[in-house]
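As structure tokens, the structure follows; a few thoughts come after it.
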Amino acid sequence: MIIRKSQTEIDIMREAGRVTARALRSVGEAVRAGVTTLELDELAEAVIRDAGAKPAFKGYHGFPGTICASLNHQVVHGIPSSVVVLREGDILSVDCGAIVDGYFGDSALTFPVGRITAEATRLLDATRRSLEAGISRCHSGMRLYDISSAVQTLAEGEGFSVVKEYVGHGIGRNMHEEPQIPNYGQAGQGPSLKTGMVLAIEPMINAGDAGVESLDDGWTVVTRDGKLSAHFEHTIVITDEGPVILTVE
Ligand code: MG
Ligand code: MG
């Protein structure tokens, strides 16, 4: 069952989204060559706790960080580390979540570290635009896989590939609620979208092949071909007027 949220719940989730966005902005402002992903993690945690909120990821199934910090060919779930030092030309995917009064916000961005290649720039741009395309389908009466299809069409149209193993999701009192939102699928299919649904839409797009695998640390997911991957995510609510992004300041 897809839980539809009341206006009161949406107001709380807007606050959780705002805190999440603030943490990600702070991380983005600190991203530069020489910084470790653990420093970025500590920064995000401080911003979230200063707001009176809780980091959503820390302790989630035992994950040790406030952020997932996934570098270059890492797709998602990279563990923040004092030995991972950012270098000019890297791209860093940062996923972050915050809990306010029991409700979750969830958002991700891929940051360039200094000057990056034209191909990396194109990947980041396409992934961001595929998220926007997915969000643009979030109107009452549309179908769930209209979102999926919009993401896939844009990403593949740019010559990139869609990660199949990890998906977006409903969100509320739990980080992961129904429905699962694949980044590929057939337009016109799936459950009907309705006002009050809150969804975390999160394309994970690879520069090369779609295949991914997990590292021995039990968390980090990487591209099998070692090529770059990017990840953008927003938590949105479907209103009578269409989609509203909650993970913004
Ligand atoms: Mg996320
Ligand atoms: Mg998510």
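Each value in this text was obtained by applying a stated rule to the coordinates, not by laboratory testing. As the structure is a computational prediction, the values presented were derived from the model and not from experiment. Reconstructed Cβ throughout: ideal geometry from the backbone, glycine too, with neighbour counts over all protein chains shown.
Short-range pairs are left out: with C-alpha atoms under 8 Å and at least six residues apart, the relative contact order of segment 90-181 is 24 percent. A Stokes-Einstein calculation at 37 °C with viscosity 0.692 mPa s, built on the Kirkwood radius of segment 7-245 over Cα pairs, returns a diffusion coefficient of 187 µm²/s.
Is segment 141-192 rounded, prolate or oblate when judged by the Cα gyration tensor, a ≥ b ≥ c being the square roots of its eigenvalues, rounded requiring a/c under 1.5 and prolate requiring a/b larger than b/c? Verdict is oblate for segment 141-192.
The gain in end-to-end length when the THR117 to MET1 segment is fully stretched comes to 37.4 nm, 0.36 nm per residue minus the alpha carbon separation. Taken as Cα centroids, segment 160-185 and segment 33-80 sit 20 Å apart, rounded to the nearest whole angstrom. With contacts taken as Cα pairs under 8 Å and at least 6 residues apart, the chain reaches a relative contact order of 24 percent. For the listed peptides 32-40, 67-75, a ranking on the average number of other beta carbons within 10 Å per residue, highest first, reads 67-75, 32-40. Structure remark: mean-square fluctuation, Gaussian network model of the chain, C-alpha springs under 10 Å; the largest value among ALA108, ALA23, ALA46 belongs to ALA46.
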